[in-house]
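The values are calculated or read from the model by the stated rules, or taken from the named source; none is laboratory data. Remember, it's a predicted structure, so these values are computed and weren't measured experimentally. As a convention, Cβ positions derive from the backbone with ideal geometry for all residues, glycine included, and neighbour counts pool all protein chains shown. The area values use the complete protein model at the heavy-atom level, side chains included, leaving out ligands, DNA and RNA. Shrake-Rupley method; radii C 1.70, N 1.55, O 1.52, S 1.80 Å.
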Amino acid sequence: MNYKKIATTIVFISACLWLSACGKQTSTSQKQVLNLSASAPLSTIDISKSTGYGQTGNTFESFYRLGKNGSTTAGLAKSSSVSKDGKTWTFKIRKAYWSNGDQITAQDFVYSWRRTINPKTKSPYSYLFSGIKNADAIIAGKKSAAQIGISAPDKQTVVIKLDKAISYFKILMAYPLFGPQEQKIVEKYGSKYGTRSQYMVYSGPFVIKAWNGTGNKWQFVKNKHYWDKKVVKLQQINYTVVENPTTGHELYQQNKLDMTPLANQQVKNYQGSSQFKSYPYSYISYVAYNFKDKDADKRKALNNRNIRLAMSLAINRQVLTKKVLGDGSYTPTGFVASGLAKDPKTSEDFSKQQEVKGTIAYDAKLAREYWEQGLKETGLKGLKLTLLASNDDSSSKIVAQYLQSQYAKVLPGLSLTVRSIPGNNALQNAQTGNFDLYLSGWGGDFNDPITFLQIPLTGTSYNYGGYSNSQYDALIRKAQNEDANNPNKRWADLVAAAKIFNAEQGVTPVYQQVTSYLQKSKVKGIIHNTAGTQWNYKNAYIK
């Protein structure tokens, strides 16, 4: 999930609304109303075209749902089995219904996958189908979408064929992207499909109401046709767009809001409160280097490992996270976020195993030594670089200014100019290679290190800086192919690859995001995950 996606997704992880319809809450059903907020409107409710499911994962369901700690829990699949070679999965679909009362069938999954992977749909997440039979060829336009490796031998059976075993496949199947769509509804509404809440049918615990495609208010209402509706306690979730944490805090104090994200100073004020909650996310903010910079001197400098190490060691991440950001964010150990995945043998976090000493911890003296050595090796006396950054959120602005100040203080001869522009424009510039440094970020789509480690592969679409290392590529290929069905060997491949990337500072990690909230003590049962569909309200309730 790239910076643009994550910026869109993360805004959905808090809660608030002007609740005019509720009035005095007397009955049990009226009390089961949760008031949530977003800092931007919903961009789409079409699962084929979505750039994240942080919120809409509550209205659409796949074979599984994401439960506590990234575990898979019951979804539309009643049971599943996998062949010994890991290449064939068979799912039995439970008796479940769309929100319009139609039965959900195996063919709905087949139709959905074909629609999503069709290049004409322009799904931003089509790359997640890689490894499923013929997916790569379909994405490249070499085969038709009908040849994707999914079939429905009968109404309740889905068979999926893979090109190779995918060790994280079960977790992937909890992602709403892989859920069903009802063909007759897509065809009935045509170009209107998914543009308003009424031009959609829903498979999850809730349905969306009163969303007109652009508005600042909408609701999730309990889906009376949901297969597991008996466990869904909330009758309604109300959303409104609240852009400012100060406004959110005021609404929270007025009891018009059940959760609200906290800004820097607010975190400091409320850390001791029983209503204070921290929700980490597997989002790593990092500085990407343009290894193919159009300027010859800059290209020479950015391809020099000593210069990149100097720029990493010049960052005091403890000061940045604790004092500058002050929102509870973590200091990363490398490119892969902590809390994402654990060693299948020892249960140790991947983030601990990927660490390469002398690449992340602040060391101004060593940074200057690397810097001077790098300048000597490149024959440069100094360096003027521009940092491309988004101005859509306050964190980017703060981090960009901090980096500018820190580099000026620690690395003599480095002059950094910040080019802060709207996020969409920054992304377009990055995609076309129009940058020296890019303050970017990535959030995990699912709980496996490959969700990060696929990015630096030579030639991938999100590898904006053009990083390339043949040894790295070979290790990732090995993990994805010959070792794919051996969890321990695959894990070792991924750790070795991460160490290469971190040792080279292929990108320089800056911080791992944590968002802090005030949450009413009456709100219970919310499940939050560090990757994929972050928020699960299926079991949430008001006490």
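Values for this structure:
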quantity: Greater than 27 Å apart at Cα, pairs in Lys31/Lys268; Lys222/Lys520; Lys92/Lys478; Lys120/Lys478; Lys87/Lys489; Lys68/Lys133; calculated: Lys31/Lys268; Lys92/Lys478; Lys120/Lys478; Lys68/Lys133
quantity: Rounded to 5, percent antiparallel among DSSP beta bridges of the chain; calculated: 75 percent
quantity: Percent accessible area from carbon and sulfur atoms, the chain, protein chains only, probe 1.4 Å; calculated: 48 percent
quantity: Cα centroid separation - the stretch 374-426 against the stretch 231-247, whole Å; calculated: 37 Å
quantity: For a label point 7 Å along the Cα-to-beta-carbon line of Ser273, residues of the stretch 214-249 with backbone N under 17 Å; calculated: 244-249
quantity: 222 nm mean residue ellipticity, helices alone, for the chain (DSSP H n ≥ 4; -39,500 (n - 2.57); rounded to 500); calculated: -7500 deg cm²/dmol
quantity: Cα-based helix-to-principal-axis angle, 470-480 vs the chain, degrees rounded to 10; calculated: 20 degrees
quantity: Simple Cβ-charge dipole of the stretch 475-543, Lys/Arg +1 and Asp/Glu -1, about Cα centre, in debye nearest 20; calculated: 560 debye
quantity: With Cα atoms, 0 to 90° folded angle of helix 394-410 axis to the chain main axis; calculated: 10 degrees
quantity: Compactness of the stretch 348-486, expressed as Rg and Dmax over alpha-carbon positions, Å; calculated: 17.6, 51
quantity: Per DSSP, loop chymotrypsin sites (Phe, Trp or Tyr not before Pro) in the stretch 149-194 with at most 15 further Cβ within 10 Å; calculated: none
quantity: Rounded tilt (10° steps) of 487-504 against the dominant C-alpha axis of the chain; calculated: 40 degrees
quantity: Distance from the stretch 304-355 to the stretch 64-124 (C-alpha centre basis), Å; calculated: 34 Å
quantity: Low-density loop positions, trypsin sites (Lys or Arg not before Pro), the stretch 311-404 - DSSP coil, at most 12 other Cβ in 10 Å; calculated: Lys345, Lys357, Lys381
quantity: Accessible area expressed per residue, the stretch 281-355, with surrounding protein chains retained (probe 1.4 Å, Å²); calculated: 38 Å²
quantity: Unit charges on C-beta of K, R, D, E only; dipole of the chain, Debye; calculated: 1200 debye
quantity: Computed magnitude of the charge dipole of the stretch 241-375 (debye, nearest 20; Cβ of K, R +1, Cβ of D, E -1); calculated: 360 debye
quantity: Against the rule of thumb 2.2 N^0.38 Å, how large the Cα Rg of the stretch 263-374 comes out; calculated: 1.32
